[in-house]
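Novice: Following this message is one structure expressed as structure tokens.
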Amino acid sequence: MLPDADRSRLLEAATLAAAQAYAPYSHFRVGAAVLTEQGTVHAGCNVENASYGLTICAERNALFQMVASAPRPLAVRALLVYTPTLTPTTPCGACRQVLLEFGSRSGVDVLCVCDGLDEIAATLDQLVPLSFGPRSLD
Ligand code: THU
């Protein structure tokens, strides 16, 4: 369970990021924010491209922002995804795999929040059962 204070910090960062989304093709704005074990928050938005395939999701952008500026060691405690929609959006498969790369050993809480009443709360283990990740190579 994510403490309320952490949830508020993540939601504010993700909401601000969603407003910065570059989504001229889908018009689907996504903001994401990650919380590290050290307590730092890093946000990102989706950035689309005319080639479509080069689009990057908000979740991976948030994770890469973390890589660029967070203190080491990198360990994600929680990820919040915000969409200004009526139903929540869960991270795509590619983003789940990248999140696995940086997940804390004690697990990652994933929270999907929208403007409607629904919300999805899951652990990364639930989102990617029987995963292959960095610890598979130990
Ligand atoms: N998108 C994300 O940023 N995160 C998700 O979890 C799902 C999809 C973006 C990619 C694209 O810019 C738009 O949403 C529509 O797929």
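The values are calculated or read from the model by the stated rules, or taken from the named source; none is laboratory data. Here the structure is a predicted model, which is why all the values come from computation and not from measurement. Every residue, glycine as well, gets a Cβ built from its backbone with ideal geometry; the counts of neighbours run over all protein chains shown.
Novice: Of the residues that sit in the range 40-87 and are of a type in the set (D, E, K, R) and more than 10 Å from the ligand (Cβ to nearest atom), which one is nearest to Glu12 (Cα to Cα)?
Specialist: Selected residue: Arg77.
Novice: Which pairs have Cβ atoms under 8 Å, sit 6 or more apart or on different chains, and link a residue in the range 87-115 that is surrounded by 13 or more Cβ atoms within 10 Å (Cβ to Cβ) to one that is part of a helix (DSSP H, G or I) and small (Gly, Ala, Ser)?
Specialist: Partner pairs satisfying both residue conditions: Val113/Ala14.
Novice: Only residues that are aliphatic (A, V, I, L, M) and more than 20 Å from Glu37 (Cα to Cα): list them for the range 59-113, please.
Specialist: The answer is Leu86, Ala94, Val113.
Novice: Here is a follow-up. Would you mind telling me which numbered condition in (1) buried (at least 21 other Cβ atoms within 10 Å of the Cβ); (2) touching a Pro at 6+ places or on another chain (Cβ under 7 Å); (3) not in a helix (DSSP H, G or I) Ile120 fails?
Specialist: (1)
Novice: Filter the range 1-54 down to the residues that are over 15 Å from the mean Cα position of the chain (by Cα) and modelled with pLDDT under 95 and list them by number.
Specialist: Answer for the range 1-54, where residues must be over 15 Å from the mean Cα position of the chain (by Cα) and modelled with pLDDT under 95: just Met1.
Novice: Tell me yes or no: at least one residue of the range 54-66 is without any contact (Cβ under 8 Å) to a residue 40 or more places away in the chain, among the β-branched types (Val, Ile, Thr), part of a loop (DSSP other than H, G, I, E, B) and in contact with an Asp or Glu (Cβ under 7 Å, 6 or more places away or on another chain).
Specialist: yes
Novice: Let me ask something additional. Find the residue count for the range 41-53, including only residues that are in a loop (DSSP other than H, G, I, E, B) and either surrounded by 14 or more Cβ atoms within 10 Å (Cβ to Cβ) or in contact with a Lys or Arg (Cβ under 7 Å, 6 or more places away or on another chain) (or both).
Specialist: So the count comes out to 2.
Novice: While we're here: Restricting the search to the range 5-33, which residues are in contact with a helix residue (DSSP H, G or I) (Cβ under 9 Å, 6 or more places away or on another chain), within 17 Å of Asn49 (Cα to Cα) and either of a type in the set (A, V, I, L, M) or away from the ligand (no atom under 15 Å from the Cβ) (or both)?
Specialist: Within the range 5-33, Ala18, Ala21, Val30 meet the criteria.
Novice: In the range 83-100, which residue that is outside any loop (DSSP other than H, G, I, E, B) and not β-branched (Val, Ile, Thr) is nearest to Gly133 (Cα to Cα)?
Specialist: For the range 83-100, the residue satisfying everything is Leu100.
Novice: Tally up the residues in the range 101-117 that are part of a helix (DSSP H, G or I) and touching a strand residue (DSSP E or B) at 6+ places or on another chain (Cβ under 7 Å), please.
Specialist: 1
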